[in-house]
Amino acid sequence: MSSRADRLTERVTEAGVDAVVITDLVNVRYLTGYTGSNGLALIGANTRVFVTDFRYVEQAAEQVEPSFDRRRASLDLLEAIKDALPAGELRLGFEEDHVSVREHGRLRDLLPDRIELVGVHGLVEELRAVKEPGEIAAIRAATELADAAFEQFIAGGLIGRTERELALELEFDMRRRGAEGPSFAPIVAAGPHGALPHASPRDVEVRRGELVVIDWGAQLDGYCSDCTRTVAAGEIDERGAEIYQLVLDAQLAGLEAVTPGAGGREVDAVAREIIEAAGHGEHFGHGLGHGVGLDVHEAPRLAQRSESVLKPGNVVTVEPGVYLPGELGVRIEDLVVLTGDGREILTGLTKELTRTG
Ligand code: ZN
Ligand code: ZN
């Protein structure tokens, strides 16, 4: 099997550039194996260079794939690019989604006129969207860890404890089980607060009768998991139970639609139509799902304006929600890997409405 850098080289040629400078650290990690906080890679048909500063020379020697020529530079790594490039006229790609205007100006100043800078978009991200077996195993392990932490957490009860306390406990439990950290700050949002899809936990206690949206994930070996469950703190009213069932129906239909060849827009529509038919279209304001990997939000997207087409090896979330302002929110999210002919759900937690103390 060809290395990731080999596969990128093919794409560099297709993009009409001779080489590309990779500065996004997650992309650098994906291509070279390096996990430090200052490094870049230059990749082209005849170029494979990794650059870091003196603090990371030893780490790079251990981690960076041997096909890279490893170089040490000053703290300002951009200065080293000039010396690493082949002679002659050259079209050099840079990651336009990650390079700041200031860095671009600096590159322009540092490089001789023979080098033309060309913005490229999504080259590494599209490779990252299709996971290798080892990556799927890492995401599966992160998911299992997050599932186990949640089961213990939920058994401890929610009523009378603050959202902030609960979020902290869930995060702590994931770390105690070996996670490098949460893949994002956990969300615990009770009652009307659950109507904010990205709510920050408050110093407010969960009360009996509220629905509580909990969205969390673990990071393990660099790979993320992502999951949401909405649970009932004690008995909830009929309205809450009805919305829960609606979101669950949409989620199950969305999962069923996740299959190789399906468009991200199409899959989103399958779940969205169910919510719209129940009169809640305006209460589902976000996309159905997103890719997960080294980043918790990456390609492909399941959304109304998505151009993605799903492929085996994609790992995506399916997470419809209904948010009634001032009243309640429900979201249910599973993590799914696309197989040759369908999907496997990685999340192992029940989706029957769970009632806690
Ligand atoms: Zn989530
Ligand atoms: Zn998500």
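Could you please find all residues in the stretch 7-24 being part of a helix (DSSP H, G or I) and polar (S, T, N, Q)?
Residues satisfying the conditions are Thr9, Thr13.
Per the conditions (1) within 15 Å of Ile136 (Cβ to Cβ); (2) surrounded by 21 or more Cβ atoms within 10 Å (Cβ to Cβ), the sole criterion not satisfied by Val330 is (1).
Counting only residues that are open to solvent by 50 Å² or more (accessible area, probe 1.4 Å) and of a type outside the set (Gly, Ala, Ser), which one in the stretch 142-158 is farthest from Leu328 (Cα to Cα)? Among residues in the stretch 142-158 that are open to solvent by 50 Å² or more (accessible area, probe 1.4 Å) and of a type outside the set (Gly, Ala, Ser), the one farthest from Leu328 (Cα to Cα) is Glu144.
Among the conditions (1) in a strand (DSSP E or B); (2) surrounded by 17 or more Cβ atoms within 10 Å (Cβ to Cβ), Tyr34 misses just one, which is (1). Checked against (1) more than 17 Å from Ala146 (Cα to Cα); (2) in contact with a His (Cβ under 9 Å, 6 or more places away or on another chain); (3) open to solvent by 10 Å² or more (accessible area, probe 1.4 Å), Thr356 passes all but a single condition, namely (2).
Scanning the stretch 271-303 for residues that are of a type in the set (A, V, I, L, M), out of contact with any Phe, Trp or Tyr (no Cβ under 9 Å at 6 or more places or on another chain), within 26 Å of Arg140 (Cα to Cα) and not in a loop (DSSP other than H, G, I, E, B) yields Ala299, Leu302. Among the residues of the stretch 333-352, those identified as among the acidic types (Asp, Glu) and open to solvent by 60 Å² or more (accessible area, probe 1.4 Å) are Asp341, Glu344, Glu352.
Taking the criterion of being within 21 Å of the chain's Cα centre (by Cα) and within 17 Å of Leu85 (Cα to Cα), the residues of the stretch 9-46 that qualify are Ile22, Thr23.
Filtering Ala199, Ala138, Ala167 for residues that are in a loop (DSSP other than H, G, I, E, B) and either within 16 Å of ligand 1 (Cβ to nearest atom) or not hydroxyl-bearing (Ser, Thr, Tyr) (or both) leaves a single hit, Ala199.
What number of residues within the stretch 168-188 satisfy the criterion of being open to solvent by 10 Å² or more (accessible area, probe 1.4 Å) and over 15 Å from Leu220 (Cβ atoms)? Within the stretch 168-188, residues that are open to solvent by 10 Å² or more (accessible area, probe 1.4 Å) and over 15 Å from Leu220 (Cβ atoms) number 5.
The residues of the stretch 264-273 that are over 19 Å from the mean Cα position of the chain (by Cα) and in contact (Cβ under 8 Å) with a residue 40 or more places away in the chain, listed by number, are Ala271, Arg272. One residue stands out in the stretch 307-334 among those that are closer than 14 Å to Ala129 by Cα and either among the hydroxyl-bearing types (Ser, Thr, Tyr) or in a strand (DSSP E or B) (or both): the one that is farthest from ligand 1 (Cβ to nearest atom), namely Val309. All of Gly329, Gly293, Gly342, Gly289 fail the test of being within 14 Å of the chain's Cα centre (by Cα) and away from ligand 2 (no atom under 11 Å from the Cβ), apart from Gly293.
The values are calculated or read from the model by the stated rules, or taken from the named source; none is laboratory data. Model, not experiment: these values are computed from the prediction. Here Cβ is always computed from backbone atoms with ideal geometry, including for glycine, and neighbour counts include all displayed protein chains. Just the protein is used for accessible areas: all its heavy atoms, side chains included, with ligands, DNA and RNA removed. Shrake-Rupley method; radii C 1.70, N 1.55, O 1.52, S 1.80 Å.
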